[in-house]
Structures are given as structure tokens and as C-alpha cells.
Amino acid sequence: MSIATRLQELGIELPAVAAPVAAYVPAVVHGGLVYTSGQLPFEGGELPATGKVGAEVDADAAKGYARTCALNALAAAADAAGGVDKLAGVLRVGGFVASAPSFTGQSGVINGASEVLGEIFGDAGRHARAAVGMVSLPLDTPVEVEVTFILA
């Protein structure tokens, strides 16, 4: 089944590629892979929340933001690759969580990204991953996710 068909089955419509907030491009194709820049959870060009997870931002909400980041990464990768069906799977996810000092649930937050990629790509969505707590992230976003996709 094509990735486009799977997205339709799941009722997922990919967002427009988010405009970069600094000096970078959203995604680069190289050597059979598509590397995305860190994606923020932009929805309609706006961040849905700011602050630290475990303080101003609830962990469950942050998990949803990680999902949005992954979909933004998929949109950027599809744009760079020439379409979503040019992507065959996921190699690695890097997740960054702006965390209150006592928050230790970064892996649960980044599951939002991993789970949606698994739903979309099935077994080809299984990936290596890092989930890292950070003091702060760009624009005071609670979550940032980068993804490396495999080209078809």
C-alpha cells in the first residue's frame, strides 16, 4: 500500500511545509536518505504552546505536539523527495523536550512522534531514536523532532 493511501486511511492530511525560522532548509536528500531539520509543532504557522514540559506544559499535550512535529517532518521530507510515496521508511528519530528540572518523561513525550510514524509506515516505521531533555528550545517550544527517512 502506498504511503498516500495509508495517510488517507488514517485520516491524516499533511500540513504545508513549515517555513524555516533561521538559516536552514526543512529537509535535504542525500545518499538514499532524507534528513529533516528539527521540526517544531507548528499548526497553521503558530505554536500551540510554549514553555517547559513538566511545568507550563502537560506531558500528554507535549506527546501530541511531538506527533505534530513528526507530521511536519514527513511533510518536509515528502516535499524534498518529490512526494510522500518516494519515502520507504524511517531510519532514526531525534526528539528534544524542553523540560522542567524534575521532568524525566522525555521518552514518553517523543513516543508521540514514534507512534504516528509507526502507524503510517508499519514495520518500515520502526526506527532508532533519541529522546533528550533540554533547558530550552527555539521560540520556547516544548518539543522539537528531527527525522531521517529512507527513500524508496
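The values are calculated or read from the model by the stated rules, or taken from the named source; none is laboratory data. All values derive from a computational prediction rather than experimental measurement. Quick reminder, even Gly has a Cβ in these numbers, built from the backbone with ideal geometry, and neighbours come from all protein chains shown. Note: accessible area is taken over every heavy atom of the protein model, side chains too, but ligands, DNA and RNA are not part of it. Shrake-Rupley method; radii C 1.70, N 1.55, O 1.52, S 1.80 Å.
Per residue, the chain exposes an accessible area of 47 Å² to a 1.4 Å probe, with every protein chain left in place. Once the C-beta distance of ARG92 and ILE12 is scaled by a Förster radius of 25 Å, the resulting FRET efficiency is 0.75 to the nearest 0.05.
Using the average count of surrounding beta-carbon atoms within 10 Å as a protection proxy, the listed peptides 17-26, 106-115, 119-128, 55-64 rank, highest first, as 106-115, 55-64, 119-128, 17-26.
Run through every distinct alpha carbon pair of the chain and return the Kirkwood hydrodynamic radius in angstroms, one decimal place. Intermediate values should be presented prior to the final figure.
Numbers: mean 1/r = 0.0662 Å⁻¹.
By the Kirkwood definition, the hydrodynamic radius is 15.1 Å.
Let me check against my output: what whole-number percent is the relative contact order of the chain, with C-alpha pairs under 8 Å and at least 6 apart? Reported as a whole number, the value is 33 percent. Note that region 44-59 has calculated 3J(HN,Hα) couplings of x, x, 10, 7, x, 7, 9, x, 8, 6, x, 10, 6, 10, 6, 4 Hz, one per residue in order, obtained from phi through the Karplus relation 6.51 cos²θ - 1.76 cosθ + 1.60 (θ = phi - 60°); glycine and proline are x. A probe of 1.4 angstrom, applied to the heavy atoms of all protein chains, finds LEU139 with accessible area near 100 square angstrom.
Evaluate E = 1/(1 + (r/R0)^6) for THR104 and SER136, where r is the Cβ-Cβ distance and R0 equals 25 Å; express this FRET efficiency to the nearest 0.05. Intermediate values should be presented prior to the final figure.
Working: r = 17 Å, r/R0 = 0.70.
It comes to 0.90.
Give me the distance in nm between label points sitting 7 Å out from Cα along the Cα-to-Cβ direction at ALA55 and ALA128, one decimal. Output for this residue pair reads 3.3 nm.
Of all beta bridges that DSSP places with both ends in region 23-152, some 65 percent have antiparallel geometry. In this structure, the amide hydrogen of LEU33, modeled 1.01 Å from its nitrogen in the peptide plane, lies closer than 5 angstrom to those of LEU151, counting only residues at least 5 positions away or on a different chain.
Could you give the angle, 0 to 90 degrees to the nearest 10, between helix 106-121's Cα long axis and the longest principal axis of the Cα atoms of the chain? It is inclined by approximately 20 degrees.
Taken over region 1-62, the percentage of Cα pairs per 10 Å bin, counting from 0 up to the bin with the maximum distance, is 16, 32, 39, 12, 0. Over all orientations, region 68-152 has a Cα convex hull whose mean projected area works out to 5.3 square nanometres. Helices in the chain, meaning DSSP H runs of at least 4 residues, each add -39500 (n - 2.57). Divided by all residues, the mean residue ellipticity at 222 nm is -10000 deg cm²/dmol.
Spin-label model, HIS30 to GLU46: label points 7 Å out along the Cα-to-beta-carbon direction sit 3.6 nm apart.
Write down the Kirkwood hydrodynamic radius of region 32-79, to one decimal in angstroms, obtained as one divided by the mean of 1/r over all alpha carbon pairs. Intermediate values should be presented prior to the final figure.
Numbers: mean 1/r = 0.0864 Å⁻¹.
Value: 11.6 Å, from the Cα pair sum.
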